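Since the structure comes first, as structure tokens, the remarks are kept for the end.
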Amino acid sequence: MVTLSVSLQMRILWTLVMGTLFVLLVQYQTSSVWPQQQAQMNSRVDPFAEDLVAIALSKVEIGDDTTVSKEMLLGITRQIARYVVYSSGCSVSPISGPPPITLYIITPTYRRPEQVADLTRMAQTLMLVRDIHWLVIEDAKSKSPQLNALLQSFGIKFTHLIAPMPSRYKNTRGAKPKGVANRNRALNWIRENANEGVAYFADDDNTYDVRLFNEIRDTQRVSMWPVGLCTKTGLSTPIVRNGSLIGFYDGWIANRKFPVDMAGFAFSVNFLKKRPHAKMPYKPGYEEDGFLRSLSPFEPREIELKADNCTKILVWHTQTKKNEPSLKVNVEKYNNTNILELKKIIV
Ligand code: UGA
Ligand code: MN
């Protein structure tokens, strides 16, 4: 959460935000697009407005320097606008309720032709979710300024970290332990920086239903749910009978105690912090199982079942088609044209 120092600048900021909010609400209420929601909103403008500002502020990074910048105001306004649009079409995020629980979304990423496209799609899902902190961990030796600028542009609260895959794995011909160094880096960041909340390993190329995030927010220890498009069974999920877990359905069980997909579970920060040695092994295919085993003491019967007792699919293990790196551009031929600018974006 942001810490706000009481100062004249904050008062100015507050006035500006309330002014912006007022303009937004007036525009919203006088538009004829959503008559039903307008009727609903007329009866709850005050708490709604308060919530919008709180949500917007929680998503915008405000450092110690409380100078009110145009960018900051723009960020806050954008978040308010998003939330107005979102809550008009969907009732997933509660307007009011218990104090927010932060979701730490752990996303490994690496440079490749599809990276910007995948991250853009993912970010624009996360923009619809409140109280998140996106940990984006690059498999690289140094932070890419382009990636940092891209992450900034989304207006989501994020932390950009790096964790290169150790070279002995990178140079292997066989299966690589993808995203492991990245996720272990994030686990340590959480241990050092977070007090409570819920963490989730969300790869950059999956497809997330926005409802998933609020579903997993109340995870006490470890929660699980189905993942679509996984292995030859088409899905990976806990098997539930009469409301209880009786096993796991997955195309590849392979002696795993927890035969689940990376996208199919979340864990509480508190629970993790009580297990200082928990980490993910560099063992392709066994990353999930190895990590969940390292959370010992923890047994399958303790799993909290989500997505209506595992009857809904709220996340899909999609994979973006691999693309060849693009051809070099003839700098002389395209000098002083947009091509050189565009070439900086693509790989
Ligand atoms: C599956 C699992 O869902 C992954 O969680 C698991 O790490 C991986 O297999 C594995 O064990 O090999 P898959 O879709 O095949 O995932 O893998 P990717 O999506 O290519 O990679 C998983 C994550 O690691 C992605 O977020 C990706 O951006 C990142 N990654 C991948 C790296 O950071 N470095 C790499 O060299 C490759
Ligand atoms: Mn993937």
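The values are calculated or read from the model by the stated rules, or taken from the named source; none is laboratory data. What you see is a predicted model, and the numbers here were worked out from it, not measured in a lab. Backbone-built Cβ (ideal geometry, glycine too); neighbour counts: all protein chains shown. The protein model used for the area step is the full one, side chains on, heavy atoms only, and it has no ligands, DNA or RNA in it. Shrake-Rupley method; radii C 1.70, N 1.55, O 1.52, S 1.80 Å.
Of the numbered conditions (1) open to solvent by less than 30 Å² (accessible area, probe 1.4 Å); (2) over 30 Å from residue 305 (Cβ atoms), residue 142 satisfies every one except a single condition; which is it?
(1)
Does at least one position in segment 314-328 carry a residue that is among the polar types (S, T, N, Q), within 16 Å of ligand 2 (Cβ to nearest atom) and within 15 Å of residue 226 (Cα to Cα)?
Step one: of segment 314-328, the residues among the polar types (S, T, N, Q) are 318-320, 323, 326.
Going one step further and asking which of them are within 16 Å of ligand 2 (Cβ to nearest atom), we end up with 318-320, 323.
Next, only the ones that are within 15 Å of residue 226 (Cα to Cα) stay: 318.
Taking every residue of segment 314-328 in turn, at least one turns out to be among the polar types (S, T, N, Q), within 16 Å of ligand 2 (Cβ to nearest atom) and within 15 Å of residue 226 (Cα to Cα).
Could you please find all residues in segment 248-292 being in a helix (DSSP H, G or I), away from ligand 1 (no atom under 11 Å from the Cβ) and touching a residue at least 60 places away in the same chain (Cβ under 8 Å)?
Residues satisfying the conditions are 269, 270, 272, 273, 292.
Of 324, 341, which residue is away from ligand 1 (no atom under 15 Å from the Cβ) and free of Cβ contacts under 8 Å to residues at least 12 places away in the same chain?
341
Is it true that some residue in segment 139-155 is of a type in the set (D, E, K, R), within 16 Å of ligand 2 (Cβ to nearest atom) and either within 27 Å of residue 282 (Cβ to Cβ) or in contact with a strand residue (DSSP E or B) (Cβ under 7 Å, 6 or more places away or on another chain) (or both)?
Yes, the conditions are met somewhere in segment 139-155.
So residue 132 clears everything in (1) among the aliphatic types (A, V, I, L, M); (2) away from ligand 1 (no atom under 12 Å from the Cβ); (3) over 21 Å from residue 316 (Cα atoms) except one condition, right? Which one?
(3)
Applying the selection to segment 293-319, what residues are part of a loop (DSSP other than H, G, I, E, B), within 13 Å of ligand 1 (Cβ to nearest atom) and either open to solvent by 40 Å² or more (accessible area, probe 1.4 Å) or free of Cβ contacts under 8 Å to residues at least 60 places away in the same chain (or both)?
Selection gives 317, 319.
What are the residues in segment 167-212 that are among the polar types (S, T, N, Q) and farther than 13 Å from residue 104 by Cα, if any? Spell out the reasoning first.
Our first condition is that a residue be among the polar types (S, T, N, Q); within segment 167-212, this holds for 167, 171-172, 182, 184, 188, 193, 195, 206-207.
Answer for segment 167-212, where residues must be among the polar types (S, T, N, Q) and farther than 13 Å from residue 104 by Cα: 167, 171, 172, 182, 184, 206, 207.
Taking residue 125 as meeting all but one of (1) within 16 Å of ligand 2 (Cβ to nearest atom); (2) over 11 Å from the mean Cα position of the chain (by Cα), write down the number of the exception.
(2)
Test residue 278 against the stated conditions and say whether it is touching a helix residue (DSSP H, G or I) at 6+ places or on another chain (Cβ under 8 Å), open to solvent by less than 30 Å² (accessible area, probe 1.4 Å), in the same structural domain as residue 192 (by TED's automatic domain parsing) and on the phi > 0 side of the Ramachandran plot.
So residue 278 fails the test.
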